[in-house]
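Read through the structure below, which is laid out as structure tokens, and then see the notes.
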Amino acid sequence: MKFSELGLNETLIEAIGYMNYEEATPIQSQAIPHILEGHDLIGCAQTGTGKTAAFTLPVLHRMAQSPVKGVKTLVLCPTRELATQIDQLVQGLSYFTNLSCYPVYGGGTGPEWEKERRALSDGADMIIATPGRLIAHLNNGYVNFKNVQHLILDEADRMLDIGFHDDILRIIKELPQKRQSLLFSATMAPKIRSLAKKILEEPKEINLAMSKPAEGVTQKVYLTFEEQKTPLVRHILKQHEDFKSIIVFCSTKKKVDQLARNLKNKGHIVAGISSDYEQAEREQVLLNFKSRKTRIVVATDVLSRGIDIKDIDLVINYDVPGDAEDYVHRVGRTARAASKGLAITFVSDKEMGKFARIEELIERQLDKLAPPEELGKAPEWRTHGKSKPKGKHNYRKGKKPNRFKGKKQSNRPRGSAPNQPSSPKG
Ligand code: AMP
């Protein structure tokens, strides 16, 4: 569907043109009309489907028509990185409007707190906040949410996983009862349904067949013993010397540090990132990675959800993610929109049960590869006491993932142009 058929105002259509979006993605063509009509909405969609623009565009459209001053839209999201990313997209899409947007996520310096305070009290039109930081401001009494018309919860499942349930309800108490509320989540687990019941009124529902990695991703699985993992990373890096952007996800901060150090010692251009790193450092690592100065980032799952870095060639799951949904999010770092990607997961003897649950979730069983012989004998695939022969197996073909079919993606770095300073009004 063309954006021009959706009834969005001209300034937005112009910005969409600059972003090189040719057609609306399925979540966009389904969600935008409901949001423009003022309905509450619950959207089951993962990162990579275009869900950020799906809520941003109609909300900008409605805000541009509103004579009301002050904060009109509040977006809550789980992490600083996601807040920054939504902010960048909003800046791009709102470039030709007079609307302002400000991210409130903490971690910054004293002057940053002051800028957030001004945005929250004098009123940037749109605030994008992580719950913890917003609560800290709310406790100081100057936040003015009396004109909020739109509330958006992005990655609601992730916010609940982090433990933001009570913070979210506390924040919502500050908002007018009459408002439009939109909730997006990668899953529709019962806890999300129950949150939605508390927040949304007669919501329209959109469900984009969930929990399947994007179609463009090639998924590979290696069965390995723990001590084979680092040499196997190096082997894979050697095999793919042409790959320019690679993320390796590890389960612990310690492993991140160890692997990053090991790869650096072998001459790779690599940086580590985890919650141990200062916010400024994390931002610098991401910046260098996006601009291709750093080829490899080794990360804990801080990065695994929501972060939109385009054109990642390869994701390696050094460890099987604890939460099966995280697998989909991690693999989703590659093959964004129309591009193709490769995702490789290492499954140790102790992680097979966990990986079997992922296969259940993605409704697909993947070939299990053995590391090259020089790395030694690999463990055998074994779940629920059953053992399958080692090496490359072809299990039954799973259902084809049914979700966002590749759309043309902007070549422009996201949100970079059109561009607009994100300072609050006043
Ligand atoms: P999201 O799911 O919101 O994280 O978006 C994933 C990526 O798709 C982002 O880089 C967006 O800029 C891009 N995108 C969003 N909508 C479209 C569209 N209609 N056509 C092409 N790319 C899009």
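The values are calculated or read from the model by the stated rules, or taken from the named source; none is laboratory data. Quick caveat, the model's predicted, so the values are computed rather than measured. Cβ sites come from the backbone with ideal geometry, for glycine too, and all protein chains shown count toward neighbours.
Determine if the range 43-50 includes at least one residue that is farther than 30 Å from Val331 by Cα, more than 11 Å from the ligand (Cβ to nearest atom) and not in a helix (DSSP H, G or I).
First, the residues of the range 43-50 that are farther than 30 Å from Val331 by Cα: none.
Among the residues of the range 43-50, not one is farther than 30 Å from Val331 by Cα, more than 11 Å from the ligand (Cβ to nearest atom) and not in a helix (DSSP H, G or I), which makes the answer no.
Can you name every residue in the range 96-118 that is touching a strand residue (DSSP E or B) at 6+ places or on another chain (Cβ under 9 Å) and of a type in the set (Ser, Thr, Tyr)?
Ser100, Tyr102, Tyr105
Test Gly106 against the stated conditions and say whether it is away from the ligand (no atom under 14 Å from the Cβ) and either surrounded by fewer than 18 Cβ atoms within 10 Å (Cβ to Cβ) or part of a loop (DSSP other than H, G, I, E, B) (or both).
Spelling it out, Gly106 is indeed away from the ligand (no atom under 14 Å from the Cβ) and either surrounded by fewer than 18 Cβ atoms within 10 Å (Cβ to Cβ) or part of a loop (DSSP other than H, G, I, E, B) (or both).
When you go through Glu81, Glu114 one by one, which is the residue that is charged (D, E, K, R) and within 13 Å of the ligand (Cβ to nearest atom)?
On inspection, the qualifying residue turns out to be Glu81.
Tally time: how many residues in the range 224-255 are buried (at least 17 other Cβ atoms within 10 Å of the Cβ) and within 13 Å of Asn317 (Cβ to Cβ)?
11
Among the residues of the range 118-139, are any in the same structural domain as Lys72 (by TED's automatic domain parsing), closer than 27 Å to Glu14 by Cα, of a type in the set (D, E, K, R) and surrounded by 22 or more Cβ atoms within 10 Å (Cβ to Cβ)?
Looking through the range 118-139, at least one residue is in the same structural domain as Lys72 (by TED's automatic domain parsing), closer than 27 Å to Glu14 by Cα, of a type in the set (D, E, K, R) and surrounded by 22 or more Cβ atoms within 10 Å (Cβ to Cβ).
Pull up the range 156-189, narrow it to residues that are under 17 Å from the mean Cα position of the chain (by Cα) and among the small types (Gly, Ala, Ser), then point me to the one that is modelled with the lowest pLDDT.
Selected residue: Ala186.
Can you tell me which residue among Met1, Met63 is farther than 29 Å from Ser274 by Cβ, away from the ligand (no atom under 12 Å from the Cβ) and surrounded by fewer than 21 Cβ atoms within 10 Å (Cβ to Cβ)?
Sole residue among the options that is farther than 29 Å from Ser274 by Cβ, away from the ligand (no atom under 12 Å from the Cβ) and surrounded by fewer than 21 Cβ atoms within 10 Å (Cβ to Cβ): Met63.
Quick check on the range 29-41. Is at least one of its residues near the ligand (Cβ under 7 Å from one of its atoms) and not assigned by TED's automatic domain parsing to the domain that holds Thr334?
Within the range 29-41, none of the residues are near the ligand (Cβ under 7 Å from one of its atoms) and not assigned by TED's automatic domain parsing to the domain that holds Thr334.
With the condition kept exactly as written, say whether any residue in the range 84-95 is in a strand (DSSP E or B), under 18 Å from the mean Cα position of the chain (by Cα) and within 12 Å of the ligand (Cβ to nearest atom).
no
Could you list, ordered by first residue, the pairs with Cβ atoms under 7 Å in which the first is in the range 169-185 and more than 26 Å from Ala53 (Cβ to Cβ) and the second is among the β-branched types (Val, Ile, Thr), at least 6 apart or interchain?
Arg170/Ile135; Glu174/Val143
Pairs under 7 Å by beta carbon, first residue among the β-branched types (Val, Ile, Thr) in the range 219-242, partner part of a loop (DSSP other than H, G, I, E, B), six or more apart or different chains?
What qualifies is Val221/Leu366; Val221/Asp367; Thr224/Ser348; Thr224/Pro371; Thr224/Ala378; Val233/Tyr318.
Just checking, which of Ile344, Ile316 is surrounded by fewer than 24 Cβ atoms within 10 Å (Cβ to Cβ) and either modelled with pLDDT under 90 or outside any loop (DSSP other than H, G, I, E, B) (or both)? Show your work before the answer.
On the way: Ile316 fails: surrounded by fewer than 24 Cβ atoms within 10 Å (Cβ to Cβ).
After ruling out the rest, the residue left standing is Ile344.
Suppose we filter the range 4-28 for residues that are within 15 Å of the ligand (Cβ to nearest atom), surrounded by 15 or more Cβ atoms within 10 Å (Cβ to Cβ) and polar (S, T, N, Q); how many remain?
Residues flagged as within 15 Å of the ligand (Cβ to nearest atom), surrounded by 15 or more Cβ atoms within 10 Å (Cβ to Cβ) and polar (S, T, N, Q) within the range 4-28 amount to 2.
Among the residues that make up the range 139-155, is at least one of them at pLDDT below 95 and closer than 25 Å to Thr47 by Cα?
Yes, the conditions are met somewhere in the range 139-155.
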